[in-house]
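One structure is given below, encoded as structure tokens.
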Amino acid sequence: MAFSRRAVIPWLTLLPAVLASTIAVWGLLSARRESFDLGFFTDPYFVSTLTFSLKQAALSCVLALLLALPVARALTFMPQLFGRRWFMTLTALAFVMPSFVLITGLMILLGANGWLNFGDPRPWSLFGLQGILLAHVYLNMPLAVRVLYQALQSVPQDSWRLSQQHRLTGWQRWSHIEWPAIKPHVGLLAAFIFVLCFNSFAVVLTLGGGPKSTTLELAIYQALKYDFNLSEALLLSVVQAVIAGSVLLAAGYSGKSSLFRIAVQHRPTGLAVSVANALGHRLVYAVAWVFLLLPIVAVMIKALSHGTQLQGIPLLAATGQSLLIAVSAALVAVPLGWLMLWPARHFQGTHARIALWAEWLALHHMVIPTLVIGVGWFAFWVSRIDINRASIPLLVMLNALVLVPFVVLQLKPLLVLWDQQHRRLLGNWRPNLWHRFFIEWTFIVPTLKPLFALALVLALGDVPLFALFGQSDQPTLTWYIYRLAGSYRLDQAAQAALMLLLLSSLLIYWMEPRHANRR
Amino acid sequence: MISLRQLAWLSALIVPVSVAQTLTVYTYDSFVSEWGPGPQLETLFEAQCDCDLNFVGSADGVAMLNRLRLEGKKTQADVLLGLDNLILEQAKREQLVQPHGVDTSAVSAHLEWTDAEFVPFDYGYFAWVYDTTRITTPATSFESLIASDARIIYQDPRTSTPGFGLMVWINQLYPDSANHIWKGLAPLTETVSQGWWEGYSLFLNGGADYVLSYTTSPAYHILAESDQRYAAAPFSAGHIAQIEVAAISAQSQQPALASQFLSFLISPEAQAVIPTTNWMLPVIDGVALDPAFDGAAPERTLTVDPLQVLNEKTNWIRAWRSAVAQ
Amino acid sequence: MLTVANLVVDRPPHRFHYDFVVPTGGALIIKGPSGEGKSTLLDALGGFLTIAAGEVTWDGQSLVDLQPEQRPMTTLFQSHNLFDHLTVARNVALALPQLPLSERVAALEALGVSEQQDQYPANLSGGQRQRVGLITALLRPEPVVLLDEPFRELDPATRFQTISWVIEQVTARNKTLLLVSHNADDDALIQSQMTDVRETLVRLNDHASTATANTAQN
């Protein structure tokens, strides 16, 4: 490939994403009625929303990490733990699980009449910061477990042996071997979880419980849907995007490490573990199992218990709708993400800073609140086309744009490494365009399948966009659950949640490679 | 051999082209749920109009209003059903409705209805509903509610007509110290729900001691569930009324059919359906009401100036928001 | 004729200087301690590194501003000469699209790797991979061939045969050969079979690498 700085064509692949954002902003700016009121930033409502957003994200992040560490350590030091492979699959499932499945499970377990709610005289309240934290920990701790475990696995066996030979104490082993192995990943992991919780919508929407537990994303939604106040929405989204972006930047994000590496290798440390420690590890492992499994089991039991009327048609319709939108969005997002990496890869070796810009452009939808794009688009298109008829294509496109950053994040390390190794060979052999495509295509196909599954699972969990565009008479599964759970028809919500859970599990199963990579 | 294209043209001629007219009615979700008035009214009306009634639900009345604003001129709505007396001025100001041309002389005299664009179809009074087995001495005012340290649920004034009604009620009773009341209620609040049904169902599941609802809500439990334990707490300072209304959308392509629907709404047969499905009081005289509804009219009612509401609502919402956010 | 005039390449903390001439059809053996600039020279000539100063010309045309694809060179690297996810046959076909299938197969047979055609590079021995790599490098149309330690991994059994084949191709196709050596015996073999083989010694802190003309005839 030519490495001319002046190459323009690669930048064209970023056009769809940039265009999408432009349309959104244009739509918002042109449709607003009120002028920008900067005094809004001094309104106690704004201040408390901002504070709460930061507080819940920070707490969620810290809790998730602190709780994940013992689990990762248990996995590392106890190779004989029962059902490890299933546990790993469970963590993958918990991480990508659509929020509403979890929320339904939590409501069954800990809602007002919940199975586990023993508060007396008053039941423990699921609504508020405590509910939000609980849900966030559930959704993010598994990712932290996987990353920390993988980090610990990367410690060479010699180090473990040496630590044993030198009779290092537990604390010494932690500070000399474990912590250094984990440290490089903690920053990015924490930043990532923070941003996920910061941008979280479904959880705060259902478990927040009122204005004092409002996050920026929810406030944007409310400004748009309740007040139709587009200026306020824009101001809020600027704040949200700036904070999310800064956090990722501050963590030194340059796309170096891949957090989502789907396969996790198992390598025993060979260390002997004391009886007391072994007991501790087993206990932690068991608790983690129970914690992750409970909401899922709750949903299953509630859905299948007799006395629940079977849903039938509405459920199937919602499933069909979800699949239609998710599959289409994933089909668009995966090739688009691949294409959008082109400029970043092109400049990687030679002009690193330009490459970084290209990568940020490809990823920028990760920090722009989804709702803002959604409403901007709504405002832009509502006067130009019939929104009700076009709701599905619009939803597909918007969902695809939201998925692209995940695709990019997954593909980039793989492709950059491949480029480094084979750039010169390609310069040597000078394949024509067709051959060039063939070479890369055959390389990437094994990765595309799990990637497609990941994109599909994420798309199934969509909520915010449907909240805006969806026809409430043709809901997706998540919206269907939302309406049922919201009106406390938990048994019906559980059925829909179970369906969603089954779909997600199937996709996870498809995603985790069951055989070693031939590379 | 007929080609596929010719077949397509032929079938278009053979199959009858006439399709029944569709009347699209925007309303709130609980109206069209299986236990709401929607299904029965649909059957009754479709029998007389030879048309197809299509309900489109939103979370609550105010949410419906917001949806209309967002849709603008492209809206498919013919009839807007579920706004109330407190927010209809807003709909008028935004030119979302057109005159209905319906004869409203049948509407009960005490409602003094003269609006040319909106037709009322039921009414009730806002009140805090509680479980008599959990609360033996109910609150009689907002202050005593705050002092009782009970758990309460109410709806978001930005999306829900009862929530909006609560906001108006508080500002009517405490024009200068509404903030104080909101702040007092804040620690008692279990959750602020988006729509009426979400909050109410949480209450029914034991989620709180009081829920903001209507004086007619207990009637549901008495009649439908033979359950006497729920009651509405009468406030000595008075309650405000919510009159639910319907109107023809300004963008409707079928104003005549829509007008026919509105007339139908205040007809005796439709009004007979309302009390035991929407659990609100009928707007015409002569509808037989079960004794369970006897307590539905409070001793003291307050009048509200709709124009004042329209002008102050933004400030009131901002004040509520700021007061409870801290 | 390949002319390298006062070529300066920066590889911090080192700075390399190269200066030599190779006639068309001739060969240059690049010797020197490891890590001291031999591969750097090949990379610079191939266009994979930016040059600090100096000039490289082929037949009078300056190559310095050209991208790798535009240069008349083909390189055999120390590693990554094949795509791991494609079979040997596929790799060879992609490298040599202008060659008919029969000739590609003949070449594979000549070097004793035709039975590995449908295998993936990871399943080949180091020597087999290198032989396939040599095929892809030498049968390409570019007139200048740069080989970086091309015989290092060859098995003793096939060494002589492979080197002979290389020399045969180079001579028949009139290639100009630049070769980084790691083994004096291989050099002797080359020098004994080719005319006009020069040598150059590349050493750190050595400002001018000298080309000594060695006109041994075979």
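Given the residues B:ALA232, B:ALA178, B:ALA250, which is the only one that is modelled with pLDDT of 90 or more and surrounded by 22 or more Cβ atoms within 10 Å (Cβ to Cβ)?
B:ALA232
Checking A:SER200 against (1) within 17 Å of A:TYR138 (Cα to Cα); (2) small (Gly, Ala, Ser); (3) part of a helix (DSSP H, G or I), which test does it fail?
(3)
Out of the residues in the stretch A:319-333 that are hydrophobic (A, V, I, L, M, F, W, C) and buried (at least 24 other Cβ atoms within 10 Å of the Cβ), which is farthest from A:ASP462 (Cα to Cα)?
A:ALA333
Identify, please: which residue in the stretch C:30-85 is in a loop (DSSP other than H, G, I, E, B) and under 13 Å from C:HIS17 (Cα atoms) and is, among those, nearest to the other protein chains (Cβ to nearest Cβ)?
Within the stretch C:30-85, the match that is nearest to the other protein chains (Cβ to nearest Cβ) is C:ILE51.
For B:PRO138, are the conditions met, namely being assigned to a loop (DSSP other than H, G, I, E, B), surrounded by fewer than 20 Cβ atoms within 10 Å (Cβ to Cβ) and not assigned by TED's automatic domain parsing to the domain that holds B:LEU83?
No, not satisfied.
(1) modelled with pLDDT of 90 or more; (2) touching a helix residue (DSSP H, G or I) at 6+ places or on another chain (Cβ under 6 Å); (3) farther than 30 Å from A:THR206 by Cβ: which one isn't true of B:VAL102, the others all being true?
Checking B:VAL102 against (1) modelled with pLDDT of 90 or more; (2) touching a helix residue (DSSP H, G or I) at 6+ places or on another chain (Cβ under 6 Å); (3) farther than 30 Å from A:THR206 by Cβ, the one that fails is (1).
Test C:ASP155 against the criterion of being more than 10 Å from every other protein chain (Cβ to nearest Cβ) and modelled with pLDDT of 90 or more, and give yes or no.
When the stated conditions are applied, C:ASP155 does not pass them.
Residue-by-condition table, conditions (1) within 28 Å of C:LEU94 (Cα to Cα); (2) free of Cβ contacts under 8 Å to residues at least 40 places away in the same chain:
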{"position": "A:SER383", "(1), (2)": "no, yes"}
{"position": "A:ASN399", "(1), (2)": "no, no"}
{"position": "A:VAL404", "(1), (2)": "no, no"}
{"position": "A:LEU409", "(1), (2)": "no, no"}
{"position": "A:PRO413", "(1), (2)": "yes, no"}
{"position": "A:PRO431", "(1), (2)": "yes, yes"}
{"position": "A:PHE452", "(1), (2)": "no, no"}
{"position": "A:GLY461", "(1), (2)": "no, no"}
{"position": "A:PRO464", "(1), (2)": "no, no"}
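Among the numbered criteria (1) in contact with a helix residue (DSSP H, G or I) (Cβ under 9 Å, 6 or more places away or on another chain); (2) at pLDDT 85 or above; (3) more than 14 Å from chain B (Cβ to nearest Cβ), which single criterion is violated by A:PRO180?
The single condition A:PRO180 does not satisfy is (1).
For the list (1) hydrophobic (A, V, I, L, M, F, W, C); (2) free of Cβ contacts under 8 Å to residues at least 60 places away in the same chain; (3) surrounded by fewer than 22 Cβ atoms within 10 Å (Cβ to Cβ), I need the number of the one condition that B:LEU185 fails.
It fails just one condition, (2).
I'd like the residue in the stretch A:399-457 that is among the β-branched types (Val, Ile, Thr) and more than 14 Å from chain C (Cβ to nearest Cβ) and, out of all such residues, is farthest from A:MET366 (Cα to Cα).
A:VAL416
Restricting attention to the stretch A:32-55, which residues are within 14 Å of chain B (Cβ to nearest Cβ) and within 19 Å of the chain's Cα centre (by Cα)?
A:SER53
Here is a check on your reading of the model: is A:PHE378 within 14 Å of chain C (Cβ to nearest Cβ) and either crowded, with 19+ Cβ neighbours inside 10 Å or not polar (S, T, N, Q) (or both)?
No; evaluated as a whole, the condition is false for this residue.
Output the number of residues of the stretch A:398-419 satisfying the condition of being within 16 Å of the chain's Cα centre (by Cα) and under 30 Å from C:ASN81 (Cα atoms).
Number of matching residues: 5.
Among the candidates C:LEU41, C:LEU7, C:LEU28, C:LEU45, single out the residue that is buried (at least 16 other Cβ atoms within 10 Å of the Cβ), at pLDDT 90 or above, among the aliphatic types (A, V, I, L, M) and at negative phi.
It is C:LEU45.
Can we say A:ASP386 is of a type in the set (D, E, K, R) and within 22 Å of A:LEU14 (Cα to Cα)?
In short, no.
Any chance you could count how many residues in the stretch B:271-307 are surrounded by 14 or more Cβ atoms within 10 Å (Cβ to Cβ) and either assigned to a helix (DSSP H, G or I) or within 14 Å of chain A (Cβ to nearest Cβ) (or both)?
8
B:TYR200 - would you say it is over 15 Å from A:PRO211 (Cα atoms) and either out of contact with any Asp or Glu (no Cβ under 9 Å at 6 or more places or on another chain) or in a helix (DSSP H, G or I) (or both)?
Judged against the criteria, B:TYR200 is a match.
Please work out which one of (1) more than 26 Å from A:LYS302 (Cα to Cα); (2) away from every other protein chain (no Cβ under 14 Å) is the condition A:GLY105 fails and give its number.
Exception for A:GLY105: condition (1).
The values are calculated or read from the model by the stated rules, or taken from the named source; none is laboratory data. Bear in mind the structure is a predicted one, so any value in this text is a computation, not a measurement. Counting neighbours? That spans all protein chains shown, and the Cβs are built from the backbone with ideal geometry, glycine included.
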